[in-house]
Amino acid sequence: MKRGFYTIMSAQFFSSVADNALFVAAIELLRTTGAPEWQRAALVPIFAVFYVVLAPLVGAFSDALPKGQVMFISNAIKVVGCVMMLFGSHPLLSYAIVGLGAAAYSPAKYGILTELLPASQLVKANGWIEGLTIASIILGILLGGQLVGHMVSSHLLAFDLPMVDTGVDTPPAAAISVLIFVYLIAAWFNTRIPHTGVEMRPLRSNPRHSFVRNLFALLPDFWHCNSRLWRDKLGQISLGTTTLFWGAGGNLKYIVLAWASLALGYNTAQATALTGVVVIGTAVGAVVASMRMKLDMATRVIPLGIGMGLLIISLNFITNLWVAIPFLILLGGLGGFLVVPMNALLQHRGHNLMGAGRSIAVQNFNEQACILLLGAFYSACTGMGLSAYTAITAFGLVVAGFMWLIKRWHESNCVKYPEEIAHLLAIARSDKHH
């Protein structure tokens with residue numbers, strides 16, 4: 001791998017650590033202020049709002065500037081969201097602003113891979129970035145749990161600046177203060193990311209028009225890119241699978257927290273460790289996939305998505321920690337093995353069809369829309385008074401059912417278009433078409 005690749009990995013690592021630790025701090029902040037259960041569940045979909053709303057803009061924005069600069073600006077937006085949460089804004093609103101930064105960050109962090117590396121290294125690079133992202137999720141969730149826990153928070157709250165009233169007087173506020181500095185570390189790495197030399201694609205904007213009007217001017221281009229990727233035979237297969245995976249995985253981190261509280265009687269700090277166990281399994285699956293899978297083998301992993309949905313339902317029958325740990329590792333492992341080759345295939349097709357930033361923005365739009373819809377579905381279930389067990393069962397059935405439909409659709413298309421599928425897979429194997 002080129003040297004700049006590891007700088008990108010470092011920036012992504014620290015930014016992701018802070019994102020996931022902030023999620024735990026926001027949950028604890030809502031819990032300690034007496035917010036209802038549905039608001040805590042709503043943290044997941046609220047984070048996805050700007051991914052969906054600004055999808056037409058962030059992809060074009062990512063292609064208009066050097067990716068390192070885009071990542072730096074995005075981290076600055078995340079810091080603004082942290083400061084808002086620290087000084088009294090509603091956690092849902094503040095976390096949505098952090099989601100805005102993440103929405104702008106994502107097309108750059110993935111799009112730069114296709115600019116920096118040849119197609120033959122994309123699966124390996126995705127194994128690295130997914131594995132390291134997953135490691136940062138583990139560390140971030142565990143860090144968040146420890147920061148809001150009594151042992152660490154008591155030391156943080158004991159520290160004070162002389163003659164300055166910081167206003168930090170609760171464990172969640174102390175945790176958020178620490179996470180601002182983690183975001184600043186990520187921002188420093190952003191400034192070290194090299195320019196790849198790829199030609200920029202300026203935003204089509206008119207300085208005499210308002211931001212909203214310029215945003216609407218980008219809609220036709222975005223919807224053209226979205227439609228083109230869905231019409232592409234390999235694009236629609238990989239986009240459908242990754243969309244549903246991230247919709248399920250994005251909400252699973254809260255579902256595990258809710259299940260651990262109900263089935264095991266865990267508090268937030270204890271339950272975060274079990275969420276980390278799922279992510280360990282995902283990391284193992286991602287690494288194995290990066291070593292064993294090739295781009296032309298990506299479509300073989302689709303049935304694993306059905307298994308994920310059924311395993312989510314099976315979570316309801318586990319009440320023992322030592323049964324839960326290997327079970328959660330298996331659940332995460334299936335997801336990791338599924339997403340790495342599918343992500344690589346989707347990035348390759350998107351880069352060839354419309355450019356890295358725009359294709360990642362389309363991917364993010366669909367995946368985050370799925371997170372938003374599935375998160376709203378789960379929040380609505382809890383808001384209507386359903387138990388966590390019933391909500392988890394409904395969630396798992398939805399995931400398994402849609403994955404089965406994708407599998408059936410893929411099988412029918414492989415029979416209908418065998419020559420076209422074979423031709424596209426042959427292109428995916430060849431560096432000269434990158």
Rg ratio (alpha-carbon, reference 2.2 N^0.38 Å) - the range 54-113: 1.16
Rounded D (µm²/s) - the range 1-141, Kirkwood Rh over Cα pairs, Stokes-Einstein at 25 °C, 0.890 mPa s: 155
Cα convex hull of the range 253-293 - mean projected area over all directions, nm²: 3.0
Per residue accessible area of the range 217-331, 1.4 Å probe, in Å²: 38
L346 accessible area, assembled protein chains, probe 1.4 Å, Å²: 0
With all protein chains modelled, accessible area of M84 [1.4 Å, Å²]: 50
Accessible heavy-atom area order of S238, S227, highest first, probe of 1.4 Å: S227, S238
Shape category assigned to the range 360-414 from the gyration tensor of Cα positions, a/c cut at 1.5: oblate
Rounded percent of accessible protein surface that carbon and sulfur make up, the range 3-78, 1.4 Å probe: 66
Heavy-atom accessible area ranking, 1.4 Å probe, most first, across W38, W259, W246: W38, W246, W259
With all protein chains modelled, accessible area of E367 [1.4 Å, Å²]: 10
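The values are calculated or read from the model by the stated rules, or taken from the named source; none is laboratory data. In this text, all values refer to a predicted model and were calculated from it rather than measured experimentally. Please note that ligands, DNA and RNA were not included when accessible areas were found on the heavy atoms of the full protein model with its side chains. Shrake-Rupley method; radii C 1.70, N 1.55, O 1.52, S 1.80 Å.
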